[in-house]
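Where a number appears in this text, it was derived from the coordinates with a stated rule and is not lab data. From a predicted model like this one, the values you see are computed outputs, not experimental measurements. Virtual Cβ from ideal backbone geometry, glycine too; neighbours counted across all protein chains shown.
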Amino acid sequence: ILVLLLFLLNLASSDINQGWFNFNGLFKLTNSTSLIAGHIFYKNPIQFKNSKNGSVFSFSTTFIFAIIPGHFHGHGIAFVVSPNKEIPGYYPGQYLGLFNRTNNGDSSNHIVAVELDTACSLDVNDTDDNHVGIDINSVNSVASASAGYFTDEGKFISVSLVSGDPMQIWIEYNGVEKKLNVTLYPINLPSPKTPLLSLKKDLSPYMYDSMYVIFSSSTVSISDTSSSHYILAWSFKMNGSADELDLSRLPKIPRHDNGGIKQLKKILAITFSFTGLTLVLVLVFGFVLISRKKRFIEILEDWEGFKKREVLGRGGFGRVYKGVLPSSNIQIAVKRISHDSRQGMREFVAEIATIGRLRHPNLVRLLGYCRRKQELLLVYDYMPNGSLDKFLYHQPNSSLYWTQRFKIIKDVASALFCLHQQWVQVIIHRDIKPANVLIDSDMNARLGDFGLAKQCDLGNDPQTYHVAGMLGYMAPELARIGKANTSTDIYAFGIFMLEV
């Protein structure tokens, strides 16, 4: 864990008796280490109410932050009011270094937070991968909205939290009106009159009389390509408006090479507007060359060791190997795709484009990717129980109970519902079958292998004219006229369900 103490900075000033402080300085919340959380906290507790049963006083805070994008986003930043400066039992990833699977939603947490989230975790009901949310005892936000601001004319202007540019946020609670307002905007603009979020709620039952103020952030990727989170300036005050921040004193943000990111966005836009594959291949090849500083160093160093270990499976475009990262002992599955294969490159692009940032408990998680000489490597969570077809056909002495089969069907249905209706774009899997359903250590099913997947904007006709998939799972009209859509996925799911 990376912990930075505010009071060590010479630039910080405060008066704890009056309940205010401010500072200008550059804090980096997280580095590229996998699955970590970073916390910045003010060393002294702050009096938020007079007694245990009293009402929370008014408070105001503003800070300037910047998120430098990596190939895969982390889970953003949260401003937190917590009973402890050292948060116990936290887990990174979608829990933002605040909670874990067990205590997420527990009323005994007494945590109030405002999250700036840059990943869409559908299991905690995130609206999209670029949103602001108000959290009470859980990362399942009680109020949320896509990141942006309102002009004086009432027009909504969206902003990207991972643009790499500094942005300012105001969080203001009115203890009399029991209202929490959150306002976000670029620092080159005046503060909007209309807040992005306005929640009418008494925070008194959720907070102790004495609390700590904290910033929290977390990483998810095992690569060195995750986002970097910075706090540039911060001001806080009880019973009044926080001091304005001096923009002239803002520190400079370390600039990362964003060429690879811009290149990737071009790839995805071109790929899914159905223009020429040749141009896509050229752009992807250029992207992996440009991003040589953002490779999985550990994977490359231990790649020869991976190849000598257990082969988990073989496909039309390469093999899947079991591996362990030396520094963290995280078990991973590494899919090797031949760079020389035209279809292999198409699969490589499709995997990155569809599930690179998508998180769902019933989807196999893509942790990252890299290029080594003429090999393209995709890195996933390791699923110790392998694929479902092995349970159905290749383990005669071990049979699945009906309850397990029904659970697997529900898990895959949940994954498919996520792809078709819950993500910001419609994703057509096109290859649903037991061999592409993996079973984790708790016998949960996860849909994987997105090498044939396609996506389109919500509201558009989600179809593709390239016939793909296994014949036994193809809808008759797909084999005849070649138009894949969500309905053809559902047909394949029906065959899969009967098979299970």
Q: Scan around residue 431 for amide H atoms under 5 Å from its own, H built in the peptide plane at 1.01 Å from N, and keep only partners 5 or more places away or cross-chain.
A: none
Q: Scan around residue 313 for amide H atoms under 5 Å from its own, H built in the peptide plane at 1.01 Å from N, and keep only partners 5 or more places away or cross-chain.
A: 320
Q | Contour minus Cα-Cα distance for residue 201 and residue 498 (0.36 nm per residue) | A | 102.1 nm
Q: Once you have the Kirkwood Rh of region 110-186 from its Cα pairs, apply Stokes-Einstein at 25 °C and 0.890 mPa s and quote D in µm²/s.
A: 184 µm²/s
Q.
Using Cβ contacts closer than 10 Å as the measure, can you line up 173, 401, 185 from fewest to most?
A. 401, 185, 173
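R0 = 45 Å: FRET efficiency of residue 174 with residue 422, Cβ-based, nearest 0.05? Each step should come with its number before you reach the end.
Numbers: r = 34 Å, r/R0 = 0.76.
Approximately 0.85, to the nearest 0.05.
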Q | Computed lengthening from residue 241 to residue 483, 0.36 nm per intervening residue step minus Cα-Cα distance | A | 81.3 nm
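Taking the number of other C-beta atoms within 10 Å as the exposure measure, put 246, 381, 449, 442 in order starting with the fewest.
In order of increasing Cβ crowding within 10 Å: 442, 246, 381, 449.
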Q. Using 0.36 nm per residue, how much length does the chain from residue 324 to residue 248 gain when fully extended, once their Cα-Cα distance is taken away?
A. 22.7 nm
Q: Calculate the spin-label point distance for residue 187 paired with residue 101, positioning each point 7 Å from the Cα along the beta-carbon direction, and give it in nanometres.
A: 4.0 nm
Q. Looking only at region 125-142, which residues have a backbone nitrogen under 18 Å from a spot 7 Å from the Cα of residue 194 in the C-beta direction?
A. 132
Q.
Please compute the modelled spin-label separation between residue 311 and residue 442, points set 7 Å along Cα→Cβ, answer in nm with one decimal.
A. 3.3 nm
Q: Would you order 394, 39, 229 from fewest to most other beta-carbon atoms within 10 Å of each residue's own beta-carbon?
A: 394, 39, 229
Q: Post the alpha-carbon centroid distance, region 93-120 to region 123-184, in whole angstrom.
A: 16 Å
